Amino acid sequence: SSGASVPYKYKGANQTELVTNGTFDSDVSGWTADNLTATHNSGAADITLQETLNDEFIQSIGLTAGKAYRVTAEISGYSGGTSVISLRYDNTALTAGGVSTDNVLGIVDGNKTITATIYGTTGSEVLRFRCTTSGTATDYSIDNVSVVQIGAVAEYDGSGVGASRWDDKSGNELHGTVSGA
C-alpha cells in the first residue's frame, strides 16, 4: 500500500450477501416471477416460458450509492433464445421510446457463470433476469446468484498507530494489535 487513503467506493466492504435465497436450496422464495414460470429443481431455479420481451425473474437488492459490488450467477440447462442479467435502478416500467434504465451485466446465451462489477446509485436497485427476444422461448437454470460489496475490508494508515493498537479506518473495526511499538 502507498499509505494513501482508500477511495470511498472501496471502503467498508464486508462480503455480506445481499441476495436473498440466491442458492435456491429449497425453493424460489425471495424472487418474483413476472410473466414466466420459475420453479425449484435440485437446488436451482428453473426458468421456463421466458418468451416475451421483458418477462423477468427479479429481486430488489438496494445498494449504497458509490459503493462497489460483485455480481455472480451460474447459468445451466440453456435451451435457446436470449435473456440478460441486468441491474435496474428502480422497478418502474420502460421509459417513453422503449429506453430502459437497465445496466446489462451479462447475456444469458449459453451455460456459463456471469460475473460483473457494479456500483450502487439509488438504493432502489433491482437484479433482473430479463427476456430480450420475443417469440423464442428461453429456458435455463440459475444458481448461486450473489451480490456482495467488494473492496477494502481493513484500512490501516499512519494516523491510527498507537502503543498497543493500529486502528482500522475502514469502518469494519478490524483493529490490529501492536507489540513493541
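Just so it is clear, none of the values below were taken in a lab; they were calculated from the coordinates. What you see is a predicted model, and the numbers here were worked out from it, not measured in a lab. Cβ: placed from backbone, ideal geometry, glycine included. Neighbour counts: every protein chain shown.
Database remark: amide H of residue 139 closer than 5 angstrom to the amide H of 79, 80 (H placed geometrically; neighbours at sequence offset of 5 or more, or on other chains; Pro and chain starts carry no H). Give the shape of segment 107-167 as rounded, prolate or oblate, defined through the alpha-carbon gyration tensor: a ≥ b ≥ c are the square roots of its eigenvalues, a/c under 1.5 means rounded, and otherwise the shape is prolate if a/b is larger than b/c and oblate if not. Prolate, since a/c reaches 1.5 and a/b exceeds b/c. Based on the Cβ-Cβ distance of residue 76 and residue 150, what FRET efficiency does E = 1/(1 + (r/R0)^6) give at R0 = 35 Å, to the nearest 0.05? The calculated FRET efficiency here is 0.90.
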